[in-house]
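Encoded as structure tokens, the structure appears first; notes follow it.
The numbers here are math on the coordinates, done by the rules we state, and not lab data. Since this is a predicted model, take the numbers as computed values, not measurements. Don't worry about glycine lacking a Cβ; one is built from the backbone with ideal geometry, like all the others, and counts go over all protein chains shown.
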Amino acid sequence: MSKYKVSGGKKLSGSIEIGGAKNAALPIIIATLLARGISIIHNCPYLEDVNILIEILKEIGCKIKYENHTLVIDTSDVYSTDLSFGLCEKIRPSILLIGALIANYGIVNITYPGGCEIGPRPIDLHLKGLRALNINIKELHGIINATSSKLNGNEILLDYPSVGATENIMLAACLAEGDTIIRNAAKEPEVIDLQNFLNLMGANISGAGTNYIYIRGTDKLNPAEYSIIPDRVAAGTYMIAAAITGGEIELKNVISEHLQPIIAKLKECGCMITSNGNLFLRAPAKVKALDIIRTLPYPGFPTDLQAPIMALMSIAKGTTIITETVFENRFNHVEELKKMGADIRVDGRIAVVKGVESLCGSNVTAKDLRGGAALVLAGLAAYGETIVDKSEHIDRGYECFDDILRDLGAEIYKI
Ligand code: UD1
């Protein structure tokens with residue numbers, strides 16, 4: 001177990017390059033299993049979740065090289081679809097392995113997926129969508145057994161625009177017979193990235209980025225070479241890090257369009273943000289409260305940045321009401337922020353954040369990935385020293401988090 005030690009009070013300033021998106025990389029790596037042969041994935045972040053996925057793929061026969069942010073995945077010798085329960089339990093997107101393996105191999109045995117403890121995180125929408133494609137799914141003692149002799153396209157209306165369920169159905173439907181339509185699909189940029197990769201493999205998918213995705217099934221897909229989009233959540237986190245210290249930051253390798261939900265909120269609280277391809281943010285000494293933030297599916301405010309923006313609002317001028325609509329239990333960071341002097345009250349999915357003059361350094365614990373990052377940001381703004389325990393949560397989603405913050409002038413060390 002590791003910890004971050006943060007000495008607060010340094011204004012961040014400098015320029016950083018944003019790496020590939022974890023939430024795009026994981027489904028795309030899984031999608032390589034749809035074809036036999038060598039796929040090459042560039043701009044792939046070095047993260048624990050990616051490493052776990054690589055281990056899962058190696059255990060079923062993939063040969064994988066991972067150098068300089070490029071993954072070379074050879075799926076020619078996949079010999080099993082009995083997936084490692086221990087590893088699959090550790091990451092949420094492991095459930096997408098059903099969609100990627102079922103058409104070619106006819107059977108997949110897997111356990112329920114893991115990931116951050118931010119609510120019950122059911123998989124009913126995944127299973128309902130997959131069943132609609134003629135996949136027979138049995139659930140027994142936490143194990144999922146999926147079988148299918150032939151996938152058939154279908155029309156599927158998602159009860160909620162789940163990112164993972166949309167991706168799982170896209171993966172399976174590529175090799176189904178006939179057409180599949182996903183209504184109320186997730187519109188996240190990572191879904192578009194998956195569509196682009198699958199189409200490069202020879203799939204016929206359109207509509208990703210809207211709530212209506214159309215997939216014409218095909219017999220066979222081929223390996224492909226692709227580069228992952230930049231990580232909008234990491235970019236947003238570093239923008240908030242600069243804002244919480246009253247600093248400034250330039251972000252290279254970003255897609256500004258993907259950052260509009262966070263750009264709009266940061267402008268509203270007083271930051272100056274310009275873009276000339278790169279994105280530049282200059283923060284006031286103290287930001288204004290935002291009145292209302294509601295997390296929503298894209299292009300609403302991202303749930304993954306709810307904890308970081310709460311850290312920022314905890315020292316803003318005024319009161320902010322934050323409603324978490326996406327996950328049921330994503331306020332694990334609140335009690336920890338309160339230890340640092342934040343004034344936050346929670347009622348169900350609503351948090352009322354009264355900005356305080358300043359936070360003070362404290363010993364806190366990261367309970368999940370984004371909540372952990374928020375505690376580091378709070379530590380950057382706090383007086384004195386903050387120790388963030390269980391920093392391994394943070395390293396699951398941010399590559400070289402401490403190195404990047406140090407490059408920007410922060411005093412942060414892993415201990
Ligand atoms: C993905 C992201 C995660 C992000 C989330 C929402 C990855 C690896 N992770 O997670 O970082 O926070 O999108 O933007 O891409 N739900 C159900 N039944 C299901 C599936 C989901 O009820 O079968 C619910 C979930 O419990 C949650 C909501 O739908 O309340 C959104 O989940 P979903 O969009 O599926 O998120 P993930 O794909 O797990």
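What the table shows:
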{"quantity": "Of the trypsin sites (Lys or Arg not before Pro) in the stretch 203-240, those whose Cβ has at most 15 other Cβ within 10 Å and which sit in DSSP loop", "calculated": "220"}
{"quantity": "Shape category assigned to the stretch 24-119 from the gyration tensor of Cα positions, a/c cut at 1.5", "calculated": "oblate"}
{"quantity": "Helical mean residue ellipticity (222 nm; -39500 (n - 2.57) per DSSP H run of 4+; nearest 500) of the chain", "calculated": "-9000 deg cm²/dmol"}
{"quantity": "DSSP bridge pairs, the chain: antiparallel proportion in percent, nearest 5", "calculated": "70 percent"}
{"quantity": "Neighbour-count order for 62, 44, fewest beta carbons within 10 angstrom listed first", "calculated": "62, 44"}
{"quantity": "Point-charge dipole on Cβ atoms (K/R +1, D/E -1) for the stretch 22-227, about Cα centre, debye to 20", "calculated": "280 debye"}
{"quantity": "Three-way shape label, the stretch 289-336, alpha-carbon gyration tensor, a/c 1.5", "calculated": "oblate"}
{"quantity": "For the chain, with +1 on Lys and Arg beta carbons and -1 on Asp and Glu, the positive-most of 269, 105, 88 along the dipole", "calculated": "269"}
{"quantity": "Radius 11 Å from Cβ of residue 212, net charge of other residues (Lys, Arg +1; Asp, Glu -1)", "calculated": "+1"}
{"quantity": "Within-15-Å neighbourhood charge of residue 411 [Cβ basis; K, R +1; D, E -1]", "calculated": "+2"}
{"quantity": "Beta bridges by DSSP in the stretch 22-227, antiparallel share as percent, to the nearest 5", "calculated": "75 percent"}
{"quantity": "Prolate/oblate/rounded call for the stretch 22-227, Cα gyration tensor, a/c under 1.5 rounded", "calculated": "rounded"}
{"quantity": "Convex hull (Cα only) mean projected area of the chain, reported in nm² to one decimal", "calculated": "17.8 nm²"}
{"quantity": "Computed lengthening from residue 89 to residue 136, 0.36 nm per intervening residue step minus Cα-Cα distance", "calculated": "14.8 nm"}
{"quantity": "Simple Cβ-charge dipole of the stretch 189-258, Lys/Arg +1 and Asp/Glu -1, about Cα centre, in debye nearest 20", "calculated": "220 debye"}
